[in-house]
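Below is one structure, written out as structure tokens; the observations come after it.
The values are calculated or read from the model by the stated rules, or taken from the named source; none is laboratory data. In this text, all values refer to a predicted model and were calculated from it rather than measured experimentally. We place every Cβ from the backbone using ideal geometry, glycine too, and count neighbours over all the protein chains shown. Just the protein is used for accessible areas: all its heavy atoms, side chains included, with ligands, DNA and RNA removed. Shrake-Rupley method; radii C 1.70, N 1.55, O 1.52, S 1.80 Å.
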Amino acid sequence: MISNAREREVRIVVVDRDPSVAGRIRAVLEQELPRHLESGEASARVEIFVAPTPCQGCRAVSEWAPALFFVDTLSRCATGQDLLRRVREGNQDVGIVLTDPDLDPDTALDAAWRGASAVLSRPFTDGQLLRAARKALDFHDGRRAERDTRYAFALTLGHELKSPLDAVEMILNNLVSGFLGTLSEPQIDGLQRALARIQTMRSLITDYLDWSRLGAERRRRNPRVFPAAEVVHKVMDQAAEVARDAGVVLLSDVSPSIRLRADPWEIEVLLGNLVSNAIKYNRPNGRVFIRVQEDDHAVSFEVEDTGIGIDPAALGRLFKPFSRLRDPRAEGVSGSGLGLAIAREIVLLYDGEILVESTPDVGSCFTARLRRCRGVDLPGAAIPCPFDGP
């Protein structure tokens, strides 16, 4: 008889300044957690990585996508940032258990505010450790189920909307081409306006699918090391026709030596949205300048334009989903209002930040800074990542 039972894999990352505590967490969870997770014929397998450094733990959360993250209160990333908050920003679905030797109500409240799913006072018993793990895992499962439902709905909605759009677009193109009879200039102009609206709708569907795909459980991230110039040139090629039609020149400055470790699809979507906005809100004979820089902490993608700029009062709303720039000079500019929200979601996956500087009637500059863990992002690092393939 063929069994339909599926083995559940639970990935866990542990960061603790005390190796004996980290070792105990690993031993107890490896031995006891699978039995607590098994239900019916389903089995569970627990895979645990004890990070040698906080930076490797942070990187493991971003790239290995664990269900649980155990961290002690004293751990900080290389830049001195609060590791708990940085991990929560980079992966909003991971269940975080914070261990603290001096737990009191104020500490527990502060930990919850920073993103902990459960707190554990040290020293702790095996039972307390397992209960904290289950609580954090319930948080993770709930968030994943919510995201998976959203993605399934988005796929269905996208298919149901794209099919009739394709049919309508084909009929309108046949009319404009004269296959169904000669049309007057006003009639052709009206049909072309309708085709433009269809393209706007198609763009909205694509943006919505990208936004939903980012948080889907079934999407597998594929990080690899590649030159930043690779994605810059690809995005410029994709945007070339739109820029030419808008009378905008695309320029870039990226050194072939700048490399990053990331999912190419994510970086392409991030940069593509920033460049698309820079073209749409530009002016005839304008420019879009793409610049890539790096330092010890981050790889930065800058997209600067010579467009209409942004009113300072509107800057706080820029990265909210479905938020559009309300400016008379932007009338007729199509868009979903999701592009910058998607960009921000991707930046958070890399524990980074996205900044904007803008002057009305002069232009804007968007900077996406992606975290680069010291010493582990590039091949030949002193401490190789245990998740890298051969």
Next item on the list: Report the residue count in the stretch 168-202 for those that are aliphatic (A, V, I, L, M), at pLDDT below 80 and over 23 Å from GLY339 (Cα atoms).
Entry: 1
Note to self: Here is a list: GLU30, GLU47. Which entry is in contact with a strand residue (DSSP E or B) (Cβ under 8 Å, 6 or more places away or on another chain), open to solvent by 10 Å² or more (accessible area, probe 1.4 Å), closer than 30 Å to LEU370 by Cα and at pLDDT 90 or above?
What the structure shows: GLU47
Margin query: Going by what's in this entry, would GLN187 be described as over 30 Å from the mean Cα position of the chain (by Cα), in a helix (DSSP H, G or I) and within 19 Å of ILE25 (Cβ to Cβ)?
Written below: no
Next item on the list: Hey, can you tell me all the residues within the stretch 221-237 that are surrounded by fewer than 19 Cβ atoms within 10 Å (Cβ to Cβ) and in a loop (DSSP other than H, G, I, E, B)?
Entry: ARG221, ASN222
Checklist line | Matching residues in the stretch 238-274 - criterion: being in a strand (DSSP E or B), in contact (Cβ under 8 Å) with a residue 60 or more places away in the chain and open to solvent by less than 30 Å² (accessible area, probe 1.4 Å) | finding: LEU260, ALA262
Next item on the list: Using the structure shown, decide if ARG144 is over 21 Å from ALA44 (Cα atoms), at pLDDT below 80, charged (D, E, K, R) and surrounded by 14 or more Cβ atoms within 10 Å (Cβ to Cβ).
Entry: no
Note to self: Tell me whether the stretch 257-280 contains one or more residues that are over 23 Å from GLY352 (Cα atoms) and within 25 Å of the chain's Cα centre (by Cα).
What the structure shows: yes
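Would you kindly identify the helices (runs of 4 or more DSSP H) lying entirely within the stretch 46-146 that contain at least 2 residues that are closer than 26 Å to GLU345 by Cα and touching a residue at least 40 places away in the same chain (Cβ under 8 Å)?
So the answer is 54-64, 83-90.
For (1) part of a loop (DSSP other than H, G, I, E, B); (2) at pLDDT 85 or above; (3) closer than 17 Å to PRO223 by Cβ, each residue gets a yes or a no:
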residue	(1), (2), (3)
PHE322	yes, no, no
ARG329	no, no, no
SER334	yes, no, no
GLY337	yes, no, no
GLU345	no, no, yes
PHE366	no, yes, no
LEU370	no, yes, yes
GLY389	yes, no, yes
Notebook entry, point to check: Assuming LEU74 fulfils every condition listed in (1) modelled with pLDDT of 75 or more; (2) farther than 25 Å from LEU37 by Cα; (3) within 23 Å of the chain's Cα centre (by Cα) apart from one, which condition is it?
Noted result: (3)
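Can you tell me how many residues within the stretch 95-106 are surrounded by 15 or more Cβ atoms within 10 Å (Cβ to Cβ) and farther than 19 Å from VAL13 by Cα?
The initial filter retains those residues of the stretch 95-106 that are surrounded by 15 or more Cβ atoms within 10 Å (Cβ to Cβ), namely 95-100, 103.
Within this subset, residues satisfying the condition of being farther than 19 Å from VAL13 by Cα are 103.
Final tally of qualifying residues: 1.
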Margin query: The conditions are (1) out of contact with any Leu (no Cβ under 8 Å at 6 or more places or on another chain); (2) free of Cβ contacts under 8 Å to residues at least 24 places away in the same chain; (3) on the phi < 0 side of the Ramachandran plot; (4) surrounded by fewer than 14 Cβ atoms within 10 Å (Cβ to Cβ), and ASN174 fails exactly one of them. Which is it?
Written below: (1)
Item checked: So GLU304, is it under 16 Å from ALA341 (Cα atoms) and either in contact with a His (Cβ under 6 Å, 6 or more places away or on another chain) or open to solvent by 30 Å² or more (accessible area, probe 1.4 Å) (or both) -> no
